[in-house]
Amino acid sequence: MKIAYTVKEVREQVKIWRKEGLTVGLVPTMGYLHEGHASLMKKAVEQNDKVVASVFLNPMQFGPTEDLESYPRDFEQDCKLCDSIGVDMVFHPEPEEMYAPDFCTCVDMDVLSKTLCGKSRPIHFRGVCTVVTKLFNIVTPDRAYFGQKDAQQLAIIRRMVRDLNMDIEIVGCPIIREEDGLAKSSRNTYLNEEERQAALVLSKAIFLGQKMVEDGERDAATVKKAMIELIEAEPLAKIDYVEVVDGLSMQPVDTYTEPTLTAMAVYIGKTRLIDNFIFE
C-alpha cells in the first residue's frame, strides 16, 4: 500500500492506473478509522480496481469553538486498517498541501446546508463541500463512498455532484453500530463510562421512531414527540435537534413519505453525537 503526502504523488499514481484502464474508488475520511470507515473501504474494494482512502483532518469544516485540536488521531493504526482491507493508496496531506496561504476559493451550498447540523455549525458544510471537491479533483475517482450516519452530508454531496455536473457516482453505505446500538463514531472516544452508557439514548430514540413508522405512524410531530421525551429522560443528554425532513431537500416535513430522514444531534456531556434513520 502506497502512502502519498502530496497532490502530485496522488495524481501521478492515478494517471498510471488510468493508462491501465483501471477504475478508482475514493473513501474520504478524517482519520481515527473504525468499523464504519472499514465498511466504506470494503465496499470500495469490491466495486473498483483501485481504492484511495484520504486521511485528512480538514480544518475548514471546524468552527472556532469546535474540537479540531482534540479530535482523535492515530495515523499508524489507520494505515494498518486500510492495508488489511486492500486499500491501494492512503492520501495524508498536511493542511498546507491542501490550502495555500492565500486560499480564497470555496464551494458552498444553499437550502440543504441550512437545516439540521447546518443550523448550529454554519460554516461546516462549506468546508465539507470545498474539501470534497478538492479531493474529487485530485483523485478523479469513478466512485466515492460516504456513510449514512452523516446523512445530511451525504445528501449535500449528492446534490453538489448533480448541480456541478461531476462525473462521479456517490455510494451511500449503511450506519455501522456497536453491539449495544450506538452508532460508530470517532467522537465516541470522548465519552467516559457513564456518558458512554447515557449515549445509548440516541440509538434507543432512533429505534423507537423507526418502529413507530414501521408500525404505520405517519405524523412527524407524533414521532418527534416520542423520541424527544425518551431523550429528555436521560439527565446527561442535551438535545441540539430532533427533526423530520425530506430526504432529498433536507426541509422539514409534517408527514412521512418516501424518502424521509429523521435525524438528531444530541450532546452527551460535552460530546455532540448524531444518529438517524431513513424511511423508504
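The values are calculated or read from the model by the stated rules, or taken from the named source; none is laboratory data. Worth saying up front: this structure is predicted, and the values here are computed from it rather than measured. Positions of Cβ are generated from backbone atoms using ideal geometry, with glycine treated the same way; all protein chains shown enter the neighbour counts. Each accessible area value is taken on the protein alone, full model and side chains, heavy atoms only, with ligands, DNA and RNA left out. Shrake-Rupley method; radii C 1.70, N 1.55, O 1.52, S 1.80 Å.
Note on the range 39-65: residues that are hydrophobic (A, V, I, L, M, F, W, C), in contact with a Leu (Cβ under 6 Å, 6 or more places away or on another chain) and not in a loop (DSSP other than H, G, I, E, B) amount to 1.
Residues in the range 56-90 that are modelled with pLDDT of 95 or more and touching a Pro at 6+ places or on another chain (Cβ under 9 Å): 5 in all.
Among the residues of this structure, Val201 does not count as one that is touching a Phe, Trp or Tyr at 6+ places or on another chain (Cβ under 6 Å), open to solvent by less than 40 Å² (accessible area, probe 1.4 Å), touching a residue at least 12 places away in the same chain (Cβ under 8 Å) and of a type in the set (Val, Ile, Thr).
Restricting Tyr267, Tyr256 to those that are touching a Lys or Arg at 6+ places or on another chain (Cβ under 7 Å), open to solvent by 50 Å² or more (accessible area, probe 1.4 Å) and in contact (Cβ under 8 Å) with a residue 24 or more places away in the chain reduces the list to Tyr267. For the range 33-52, filtering for residues that are surrounded by 20 or more Cβ atoms within 10 Å (Cβ to Cβ) and under 14 Å from the mean Cα position of the chain (by Cα) leaves 5. Does at least one position in the range 232-250 carry a residue that is surrounded by fewer than 19 Cβ atoms within 10 Å (Cβ to Cβ), of a type outside the set (Phe, Trp, Tyr), out of contact with any Cys (no Cβ under 7 Å at 6 or more places or on another chain) and in a helix (DSSP H, G or I)? Looking through the range 232-250, at least one residue is surrounded by fewer than 19 Cβ atoms within 10 Å (Cβ to Cβ), of a type outside the set (Phe, Trp, Tyr), out of contact with any Cys (no Cβ under 7 Å at 6 or more places or on another chain) and in a helix (DSSP H, G or I).
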